[in-house]
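First comes the structure, then the notes that go with it.
The values are calculated or read from the model by the stated rules, or taken from the named source; none is laboratory data. Here the structure is a predicted model, which is why all the values come from computation and not from measurement. No Cβ is skipped: glycine too gets one built from the backbone with ideal geometry, and neighbour counts run over all protein chains shown.
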Amino acid sequence: MAKREDKRDIILSAAKMVFYEMGFNGAKMQDIADRAEINRAMLHYYYADKETLFNDVFKSAVKDFFSKMKPLFDNSLPILEKIKQFIHHYIDLFIDDELLPGFLLKELSFNKEWLLNTLIGLQHQINQFKLCVEEGIQDNILRPINSNQLFLDLISLCAHPFVAKSMFQSALQLSDEEYKQLLLERKDSLTELFINSLKL
């Protein structure tokens, strides 16, 4: 059983990179077999078709992405601490897996059903965040702000430097290491930007 699971993990890891680089439409089962260093027959033994394999990779990617939203939905945390932890967790995730945001953005734009199914599961948590923002405004912790705009700003400002990495890195004339350092520093600078703009 352990060997079977190890082989499945190798396939999923290879498929993840192929799908991240090529997307669902561009990837071929042979590409994945080659990346996993197995023959195609072995790949089909574990996964009968590309759709099933993609679904496993996609579900894992969505789980990783949305698991980092937990601080945002943790009712035990004060609103400003939620925002700080959210920014730090998300930037760490994207640094460790920098192809993830671009992959999700591309595939979700092509697959509306996956997007809707994902968001249905998060709707309650998103509403809880919005309620927390409203309570922060009422308690004079936050200045008046549209909670929908705040949610969009948080996601966008965390993700965009990764989605548009090539453009920003070229414009700023930074090496890979220098750009990574900039992103690490961004955790604190972005947190400071949000907190200073939100506090009364």
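Below, the figures for the structure above:
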read-out	value
Only listed residue being in contact with a helix residue (DSSP H, G or I) (Cβ under 9 Å, 6 or more places away or on another chain) and closer than 30 Å to residue 139 by Cα, chosen from 28, 50, 84, 106	84
Odd one out for residue 137, checked against (1) of a type in the set (A, V, I, L, M); (2) over 14 Å from residue 86 (Cβ atoms); (3) surrounded by 13 or more Cβ atoms within 10 Å (Cβ to Cβ); (4) in contact with a helix residue (DSSP H, G or I) (Cβ under 8 Å, 6 or more places away or on another chain)	(4)
Residue match in the stretch 180-190 (condition: assigned to a helix (DSSP H, G or I), in contact (Cβ under 8 Å) with a residue 12 or more places away in the chain and in contact with an Asp or Glu (Cβ under 8 Å, 6 or more places away or on another chain))	yes
Residues located in the stretch 137-162, provided they are touching a residue at least 24 places away in the same chain (Cβ under 8 Å) and in contact with a Cys (Cβ under 9 Å, 6 or more places away or on another chain)	none
Conditions (1) surrounded by 15 or more Cβ atoms within 10 Å (Cβ to Cβ); (2) of a type outside the set (Ser, Thr, Tyr); (3) not in a helix (DSSP H, G or I): number failed by residue 107	(3)
Number of positions in the stretch 58-70 that are more than 18 Å from residue 92 (Cβ to Cβ) and surrounded by fewer than 16 Cβ atoms within 10 Å (Cβ to Cβ)	1
Pairs, first within 18 Å of residue 95 (Cβ to Cβ) in the stretch 163-177, second part of a loop (DSSP other than H, G, I, E, B) and modelled with pLDDT under 95, C-beta under 8 Å, six or more apart	165/98
Among residues of the stretch 1-16, those that are among the small types (Gly, Ala, Ser) and either assigned to a loop (DSSP other than H, G, I, E, B) or surrounded by fewer than 16 Cβ atoms within 10 Å (Cβ to Cβ) (or both), counted	2
Residues satisfying the stated conditions in the stretch 135-177, i.e. of a type outside the set (S, T, N, Q), more than 19 Å from the chain's Cα centre (by Cα) and part of a loop (DSSP other than H, G, I, E, B)	139, 141, 143, 144, 145, 174
The stretch 38-67, residues that are among the hydrophobic types (A, V, I, L, M, F, W, C), assigned to a helix (DSSP H, G or I), farther than 18 Å from residue 23 by Cα and modelled with pLDDT of 85 or more	41, 42, 43
Looking only at the stretch 17-57, and only at residues there that are free of Cβ contacts under 8 Å to residues at least 60 places away in the same chain, of a type in the set (Ser, Thr, Tyr) and under 25 Å from residue 105 (Cβ atoms), the one that is surrounded by the most Cβ atoms within 10 Å (Cβ to Cβ)	47
Test for residue 73: is it buried (at least 17 other Cβ atoms within 10 Å of the Cβ), among the aromatic types (Phe, Trp, Tyr), over 12 Å from the mean Cα position of the chain (by Cα) and closer than 30 Å to residue 138 by Cα	yes
